[in-house]
Structure formats: structure tokens, C-alpha cells
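As C-alpha cells, the structure follows; a few thoughts come after it.
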């Protein structure tokens, strides 16, 4: 972190903290959905429907895989180099924060879809397994400060003139 200028370091810390707190909050929200499903299971009316089962599995897969692909696309080296060249360190930090929040919301959509399916079918297992998948995705998307620091140092053209040829 010492390699970053103080103003960039402050901005990085601010954006990283905002993203990290948001992800932790989304994990708590996911756990609360599971708790609601557990406490309210006696209020749900059991209804079996194989078409809903297949649909929710497909939705969970698409949202989960989509969040991973979205993250990998947005954090691609060439893309971050272009952003760093055009917008500098602030642009790279904005991209890191915005993408982290976007993929986190896609991950939480997995848990929400499971909860909605529980409300429709009365089977709390949909909420439980979708919550586990969502928490794994959120852990995968959790922003590591060292990674953000390295990305800013590597791609921000205004910090590293070696990036310009």
C-alpha cells in the first residue's frame, strides 16, 4: 500500500470498505432469508411441482455462472488497461467497486430466487441450498484489498508511466 500516493490510498480504502461492508451485509441478508424460511416453514403450504423445481435450478445456475462470468469479463486485463489509460486510478477503482457490487447482487439474487420458490412450493430446502450457493459466490466475489491495490498499481496510467508506450 505504501507505493500508492496518499490520496489514491484513501480513495482505495474508502471504496474497498464500502464494497466489503456491502458484501457482508448481503451475507447477513442471505442468512436471514434462511432463518425466515426455517421459522416460517409451518406456515408454508407444501406443493410439489417438478416444473418449478427445474426452473429454479436453471435460474440459480444462470445467475451463479453469470455472476462469475460477469466478474471475469469486467476484470479482464485488456479492459482494465484501457480504463486505466483513459481514466487513471480513479477509473480503475470505480470499476473494481462497481463490478464487485454488481456481481454481489447477482449472487444474492440466487438466494432470493430460492426464497421465492420456498414461498411458492412450501419447501424450505430451496432457500437453504440457494443460500449456501449464494454465500459461496459472495465469498468468491469478496474484494481482497491486496488485489485491488495491485490492480490500481498495475493498470492506472497516471500512477505508472511504464504503462504508456
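The values are calculated or read from the model by the stated rules, or taken from the named source; none is laboratory data. Just so you know, these numbers come straight off a predicted model, no measurement behind them. Positions of Cβ are backbone-derived with ideal geometry, glycine not excepted, and every protein chain shown enters the neighbour counts.
Answer yes or no as to whether residue 151 is assigned to a helix (DSSP H, G or I), closer than 17 Å to residue 83 by Cβ and either in contact with a strand residue (DSSP E or B) (Cβ under 7 Å, 6 or more places away or on another chain) or touching a residue at least 40 places away in the same chain (Cβ under 8 Å) (or both).
yes
Take the residues of segment 30-56 that are surrounded by 15 or more Cβ atoms within 10 Å (Cβ to Cβ) and either under 21 Å from the mean Cα position of the chain (by Cα) or modelled with pLDDT of 95 or more (or both): which is nearest to residue 124 (Cα to Cα)?
Across segment 30-56, the extreme among qualifying residues is 34.
With the structure loaded, tell me whether residue 100 is closer than 20 Å to residue 9 by Cα and either surrounded by fewer than 20 Cβ atoms within 10 Å (Cβ to Cβ) or in contact (Cβ under 8 Å) with a residue 12 or more places away in the chain (or both) or whether it fails that test.
It is true that residue 100 is closer than 20 Å to residue 9 by Cα and either surrounded by fewer than 20 Cβ atoms within 10 Å (Cβ to Cβ) or in contact (Cβ under 8 Å) with a residue 12 or more places away in the chain (or both).
Hey, does segment 7-27 have a residue that's assigned to a helix (DSSP H, G or I), in contact (Cβ under 8 Å) with a residue 12 or more places away in the chain, loosely packed, with under 14 Cβ neighbours inside 10 Å and more than 19 Å from the chain's Cα centre (by Cα)?
No, segment 7-27 contains no residue that is assigned to a helix (DSSP H, G or I), in contact (Cβ under 8 Å) with a residue 12 or more places away in the chain, loosely packed, with under 14 Cβ neighbours inside 10 Å and more than 19 Å from the chain's Cα centre (by Cα).
Residue check, residue 114 against (1) over 26 Å from residue 28 (Cβ atoms); (2) buried (at least 19 other Cβ atoms within 10 Å of the Cβ), all met but one. Which one?
Going through (1) over 26 Å from residue 28 (Cβ atoms); (2) buried (at least 19 other Cβ atoms within 10 Å of the Cβ) one by one, residue 114 breaks only (1).
Counting only residues that are buried (at least 16 other Cβ atoms within 10 Å of the Cβ) and under 20 Å from residue 30 (Cβ atoms), how many does segment 139-156 have?
2
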